[in-house]
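Participant: One structure, pasted below without further comment.
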Amino acid sequence: MFQITLLGTGSPSPNLTRHHPAALVEWGVGGHMLVDAGDGVVGQLLAAGKSLGAIENIALTHMHWDHILGYPALVWGGWSAGRNRMDVTGPVGTGDMHHQLVENYYREQAEWAIDLGFSRPGFDAIAVRDVPVGWSEMLDGCLLEAGPVHHPPMDALAFKFTYQGHNLVVTGDTGALR
């Protein structure tokens, strides 16, 4: 199996029929990566029959709000569904975004939830890394590669997935090269 489920394909303008950007790439037995986490991603994953607790790998194409606004809800939703680890990959600014939107704002609430019985690793075992163009890694038998995207004024990436001789590329917004 090698497939993509488009969870959101909308623009920054709110729309009742198109959620903000998010796509789930799946391969083999359990290999997966969510690309982008726009507003509505939690509901769209549930509507697609996906377990929030199983979403452990996330790639973000860039830091525009419509691609990351659902990220804090995904962190909390997956944690409340039993997720114990998460790996987040994205361009320059990804670590800062996580720190600002999750760690800084929700740490005190997370400690309260941990005292109530939530698993500490579900909040603490979130590895976030900024990666450059050219980054690559094998994940569950799939080669992941980060490529350049022209999307001023910020760093942006496309992600190429290669699994059993098949390729799939997911990108966020792009602009014309000049």
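No lab work stands behind these numbers, since they all come straight from the coordinates. Every value quoted in this text rests on a predicted model; they were computed, and no experiment measured them. Backbone-built Cβ (ideal geometry, glycine too); neighbour counts: all protein chains shown.
Participant: Looking only at residues that are surrounded by fewer than 20 Cβ atoms within 10 Å (Cβ to Cβ) and in contact with an Asp or Glu (Cβ under 8 Å, 6 or more places away or on another chain) in the range 152-163, which one is farthest from V88 (Cα to Cα)?
Facilitator: T162
Participant: Determine which member of the set V133, V169, V149 is closer than 22 Å to S11 by Cα, surrounded by fewer than 16 Cβ atoms within 10 Å (Cβ to Cβ) and either touching a strand residue (DSSP E or B) at 6+ places or on another chain (Cβ under 9 Å) or of a type in the set (K, R) (or both).
Facilitator: Working: V133 fails: closer than 22 Å to S11 by Cα; V149 fails: surrounded by fewer than 16 Cβ atoms within 10 Å (Cβ to Cβ).
Exactly one of V133, V169, V149 is closer than 22 Å to S11 by Cα, surrounded by fewer than 16 Cβ atoms within 10 Å (Cβ to Cβ) and either touching a strand residue (DSSP E or B) at 6+ places or on another chain (Cβ under 9 Å) or of a type in the set (K, R) (or both), namely V169.
Participant: Oh, and also: How many residues does the range 55-81 contain that are over 17 Å from G43 (Cβ atoms), in contact with a Gly (Cβ under 7 Å, 6 or more places away or on another chain) and charged (D, E, K, R)?
Facilitator: Let us first name the residues in the range 55-81 that are over 17 Å from G43 (Cβ atoms), namely 56-57, 59-65.
The next check asks that each one be in contact with a Gly (Cβ under 7 Å, 6 or more places away or on another chain); those that pass are 59-63.
Next, only the ones that are charged (D, E, K, R) stay: none.
Looking only at that region, the number is 0.
Participant: Also, quick follow-up: Restricting attention to the range 1-39, which residues are in contact with a strand residue (DSSP E or B) (Cβ under 6 Å, 6 or more places away or on another chain), more than 23 Å from E137 (Cβ to Cβ) and assigned to a loop (DSSP other than H, G, I, E, B)?
Facilitator: Hits for the range 1-39 are H19, H20, G38.
Participant: Additional query: Checking G122 against (1) out of contact with any Lys or Arg (no Cβ under 7 Å at 6 or more places or on another chain); (2) small (G, A, S); (3) part of a helix (DSSP H, G or I), only one condition comes out false. Which one?
Facilitator: The single condition G122 does not satisfy is (1).
Participant: Run down H98, H64, H19 and say which single residue is crowded, with 16+ Cβ neighbours inside 10 Å, in contact (Cβ under 8 Å) with a residue 24 or more places away in the chain and closer than 21 Å to L144 by Cβ.
Facilitator: Details: H64 fails: closer than 21 Å to L144 by Cβ; H19 fails: closer than 21 Å to L144 by Cβ.
After applying the criteria, what remains is H98.
Participant: Can L144 be described as surrounded by 15 or more Cβ atoms within 10 Å (Cβ to Cβ) and either without any contact (Cβ under 8 Å) to a residue 12 or more places away in the chain or outside any strand (DSSP E or B) (or both)? Steps first, please.
Facilitator: On the way: surrounded by 15 or more Cβ atoms within 10 Å (Cβ to Cβ): yes; either without any contact (Cβ under 8 Å) to a residue 12 or more places away in the chain or outside any strand (DSSP E or B) (or both): no.
So L144 fails the test.
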